[in-house]
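Here is the structure we will look at.
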Amino acid sequence: MIATTTEVSLVSTILQQERRTAARMGISKRVLACPFGPEFKEEVQSTSNTSHDGLYFETRSKHYRVGMPISVVEGYSPETRYNSPSFGKVVRVDRLEDGSAGVAVQILMR
């Protein structure tokens, strides 16, 4: 009986970790990431992967935190007048071996 409880707990823990609702695509596109707040600098990065409702990029910036609201412009180009922002939140921050951070963003509104 204890083993069953342990197995169920393990399975539910694993299922809770995977929250994606759309498949990821290994597409690299430029994004303008703008965390909300005057103390944060906007930055242009390239995504490692994207999906319909999220994206992941690497950065040297240290200010990203889970739950942080963020505006992103996908396919950003400074020459384009029609850069349209999407709004979302940071859902994961990975500390990478080289000292940079991997930032996962869930898009909440396009």
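Listing for the model above:
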quantity: Test: residue in the stretch 79-88 that is in contact with a His (Cβ under 6 Å, 6 or more places away or on another chain) and either surrounded by 15 or more Cβ atoms within 10 Å (Cβ to Cβ) or more than 16 Å from R30 (Cβ to Cβ) (or both); calculated: no
quantity: Of all residues making up the stretch 69-78, the number that are open to solvent by 30 Å² or more (accessible area, probe 1.4 Å) and under 21 Å from L108 (Cβ atoms); calculated: 4
quantity: Out of V31, V44, V66, sole residue that is among the β-branched types (V, I, T), surrounded by fewer than 17 Cβ atoms within 10 Å (Cβ to Cβ) and part of a strand (DSSP E or B); calculated: V44
quantity: Residues of the stretch 89-99 satisfying the condition of being under 14 Å from the mean Cα position of the chain (by Cα) and open to solvent by less than 40 Å² (accessible area, probe 1.4 Å); calculated: V90, V93
quantity: Index of the failed condition, R19 passing every other in (1) surrounded by fewer than 16 Cβ atoms within 10 Å (Cβ to Cβ); (2) at pLDDT below 95; (3) touching a Ser or Thr at 6+ places or on another chain (Cβ under 8 Å); calculated: (3)
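The values are calculated or read from the model by the stated rules, or taken from the named source; none is laboratory data. These numbers were taken from a predicted model, which means no experiment stands behind them. When we count neighbours, we look across all protein chains shown, and the Cβ atoms used for this are built from the backbone with ideal geometry, even at glycine. These area figures cover heavy atoms from the full protein model, side chains too; ligands, DNA and RNA do not enter into them. Shrake-Rupley method; radii C 1.70, N 1.55, O 1.52, S 1.80 Å.
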